[in-house]
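Trainee: Sharing a structure below in structure tokens format, with a few things to ask.
The values are calculated or read from the model by the stated rules, or taken from the named source; none is laboratory data. Remember, it's a predicted structure, so these values are computed and weren't measured experimentally. Counting neighbours? That spans all protein chains shown, and the Cβs are built from the backbone with ideal geometry, glycine included.
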Amino acid sequence: MEAVSRKTITVGVNGEQYEREVDARRLLIHFIRDDLDLTGSHIGCDTGNCGACSVLLDGTLVKSCMMLAVQADGAKIETVEGLASEGELNGLQQAFSDHHALQCGYCTPGMLMSATALLRENSSPSEEEIRKAIQGNICRCTGYVNIVEAIKAAAQ
């Protein structure tokens, strides 16, 4: 039986520093959910297609099911849990609520992280830019209209 290689990594997640020993083959999404107990990011497909696991890594949107935890060593990660401040929804989260931009909620964390990345780059995106920014996120419930409306409202 082959021994599993392990490595100690240090990451900043939502402003907190963590140092953990992980298997070299451990996916970032499993590290976030299972090792750090931050379960807001969802596992939807394990193939990078659905976007439910999207997080920001050093400010760049990534699908955490497509990265190894060891690749995030030294990085700053933002998850959906980091969007709210002191228990209060941020403007984007509130817009999702106000515009009924979620139903089952499974895609919502990834949608919020994709929209966060967009709005940080472009505070006044067009509808076309919004749709392009969330094209890597699959929603099986809403039909996207309310999600786009929520992002437009948050941009204003």
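Trainee: Going through segment 105-120 one residue at a time, which ones are touching a residue at least 40 places away in the same chain (Cβ under 8 Å) and of a type in the set (A, V, I, L, M)?
Mentor: Selection gives Met111, Met113, Ala117.
Trainee: Of (1) closer than 26 Å to Cys139 by Cβ; (2) over 16 Å from the mean Cα position of the chain (by Cα), Asn49 satisfies all except one. Which?
Mentor: With respect to (1) closer than 26 Å to Cys139 by Cβ; (2) over 16 Å from the mean Cα position of the chain (by Cα), Asn49 is out only on (2).
Trainee: Output yes when any residue across segment 66-79 is without any contact (Cβ under 8 Å) to a residue 60 or more places away in the chain and under 11 Å from the mean Cα position of the chain (by Cα), and no when none is.
Mentor: no
Trainee: What number of residues within segment 135-146 are in contact (Cβ under 8 Å) with a residue 24 or more places away in the chain and β-branched (Val, Ile, Thr)?
Mentor: Number satisfying all stated conditions: 2.
Trainee: Follow-up. Tally up the residues in segment 124-145 that are over 19 Å from the mean Cα position of the chain (by Cα) and at pLDDT 95 or above, please.
Mentor: Counting residues in segment 124-145 that are over 19 Å from the mean Cα position of the chain (by Cα) and at pLDDT 95 or above gives 6.
Trainee: Give segment 78-113 a look and list any residue that's of a type in the set (S, T, N, Q), within 16 Å of Gly15 (Cα to Cα) and surrounded by 22 or more Cβ atoms within 10 Å (Cβ to Cβ), or say none.
Mentor: Across segment 78-113, the qualifying residue is only Thr79.
Trainee: Just to be sure, is Met67 modelled with pLDDT of 95 or more, surrounded by 14 or more Cβ atoms within 10 Å (Cβ to Cβ) and not assigned by TED's automatic domain parsing to the domain that holds Arg33?
Mentor: No, not satisfied.
Trainee: Looking only at segment 6-52, filter to residues that are small (Gly, Ala, Ser) and out of contact with any strand residue (DSSP E or B) (no Cβ under 7 Å at 6 or more places or on another chain); which one of those is surrounded by the most Cβ atoms within 10 Å (Cβ to Cβ)?
Mentor: Ala52
Trainee: Are any residues in segment 124-144 within 15 Å of Leu102 (Cα to Cα) and either surrounded by 11 or more Cβ atoms within 10 Å (Cβ to Cβ) or touching a Phe, Trp or Tyr at 6+ places or on another chain (Cβ under 8 Å) (or both), and if so, which ones?
Mentor: Within segment 124-144, Ile134, Asn137, Ile138, Cys139, Arg140, Cys141, Thr142, Tyr144 qualify.
Trainee: Restricting attention to segment 1-18, report how many residues are without any contact (Cβ under 8 Å) to a residue 40 or more places away in the chain and either part of a loop (DSSP other than H, G, I, E, B) or closer than 11 Å to Leu36 by Cβ (or both).
Mentor: Residues flagged as without any contact (Cβ under 8 Å) to a residue 40 or more places away in the chain and either part of a loop (DSSP other than H, G, I, E, B) or closer than 11 Å to Leu36 by Cβ (or both) within segment 1-18 amount to 7.
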